1. Apply the Karplus parameterisation 6.51 cos²θ - 1.76 cosθ + 1.60, with θ equal to phi minus 60°, to every residue of region 78-85 and state each ³J(HN,Hα) to the nearest whole Hz, in sequence, with x for glycine and proline.
2. For the chain, what is the charge dipole size about the Cα centre, in debye to the nearest 20, if Lys and Arg each add +1 at the Cβ and Asp and Glu each add -1 at the Cβ?
3. Say the dipole of the chain comes from +1 at the beta carbon of Lys and Arg and -1 at that of Asp and Glu; which of Trp28, Ala188, His152 then lies farthest toward its positive end?
4. Local charge sum around Lys6 (other residues, Cβ-Cβ under 12 Å, Lys/Arg +1, Asp/Glu -1)?
5. Could you tell me whether region 27-86 comes out rounded, prolate or oblate from its Cα gyration tensor? Rule is a ≥ b ≥ c as square roots of the eigenvalues, rounded for a/c under 1.5, then prolate if a/b exceeds b/c, otherwise oblate.
6. Pairs of alpha-carbon atoms within less than 8 angstrom and 6+ residues apart define the contacts here; what relative contact order does the chain have, in percent?
7. Treat each spin label as a single point 7 Å out from the Cα along the C-beta direction, and report the Ser34 to Ala218 distance in nm.
8. Counting only protein heavy atoms and a 1.4 Å probe, tell me what percentage of the chain's accessible area is made up of carbon and sulfur.
Amino acid sequence: MGTVIKYAIPAAATSIVCTLLGCAHVSWRMGHLSPYVTRFPPIISLTGRLMPERLIYAVGLSLVAASMAYLGRYVHGFVVPRLTRGGGDQVGRLNTAAWWSIYVAAAGLCVQSVIPLQSDIFAVMNGEGSLKAQSVIHQGAALIFFLLTMLHTYLLLYMIKKSPKLNQHLGGTMWYLRAGILCASVLALFLGAFYHPTSPKLVTTGASTADIKVEIIANQLFVGALSQWLWCLCFVLILCVYDYELKKLSPLLSYSHSFSFDQ
């Protein structure tokens, strides 16, 4: 296991946790989340739209994106080809697709980290403004990150089952754990995208006063926030699975250690 990749995965996991918690704390203390966020955790995108937390958000998540891209290059450019020599064209195509999916996911994360939601998004939610291009780009890039990350996990699971050599080393309990994490992330993404500040699905029917309208929206955003944080927990768990598997495979991947799948 190379020195860079040895620290890239823990760095990515640590960075996303510290970034999200740091931005949430700063935005809460600065009063940037009222009146629609009354409980912790907040919608993640809302914690990175204003300074100074905007800088933390951009730098921290860009670091995660860079780590993802490097992880994809290491896994799909070195690990999988080394473990699947002579594995056939289908495995090769799946590996290429998974490689590109993690690159595109990393690009989506980077874009949404440097292009935040518009600063007056609360006014838009209250019907006093319109959605700007930067919010559309931010949300679109975030969805690309979410969807392509899940697609990458699915392709990897499928590739493991299609390759006896990969299944020998990456199948079993960890395969089912990864599949379970993927299922949880799909549910979390659906709810997180539905109850989002840029979503037209926020319902305020029956709100007789402005205060009741704020309370209704706050409750819906809280559901969306819980879903987003659950999805991020799934992402961190996937990184932990990667870290465990790469450490387990380290002796097989060493240039100084020869091995045979027939052993």
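The values are calculated or read from the model by the stated rules, or taken from the named source; none is laboratory data. Remember, predicted model here, so these are calculated numbers, not experimental data. Note that each Cβ is placed from the backbone with ideal geometry, even for glycine, and that neighbours are counted across all protein chains shown. What goes into the accessible areas is simple: the full protein's heavy atoms, side chains included, and nothing from ligands, DNA or RNA. Shrake-Rupley method; radii C 1.70, N 1.55, O 1.52, S 1.80 Å.
1. For region 78-85, the Karplus curve yields 10, 5, 4, x, 5, 8, 10, 4 Hz.
2. Details: 18 positive and 9 negative charges, 129 e Å.
In total the dipole reaches around 620 debye.
3. Looking along the dipole axis, the top candidate is His152.
4. Working: positive: Lys247; negative: Asp243.
My count for the surroundings of Lys6 gives 0.
5. Details: a/c = 6.75, a/b = 3.20, b/c = 2.11.
Prolate, because a/c is 1.5 or more and a/b exceeds b/c.
6. On the way: 327 pairs, mean separation 64.6, N = 263.
Result for the chain is 25 percent.
7. Placing both labels 7 Å along Cα→Cβ, they lie 1.0 nm apart.
8. On the way: 8130 of 12410 Å².
Ligands and nucleic acids excluded, carbon and sulfur give 66 percent.
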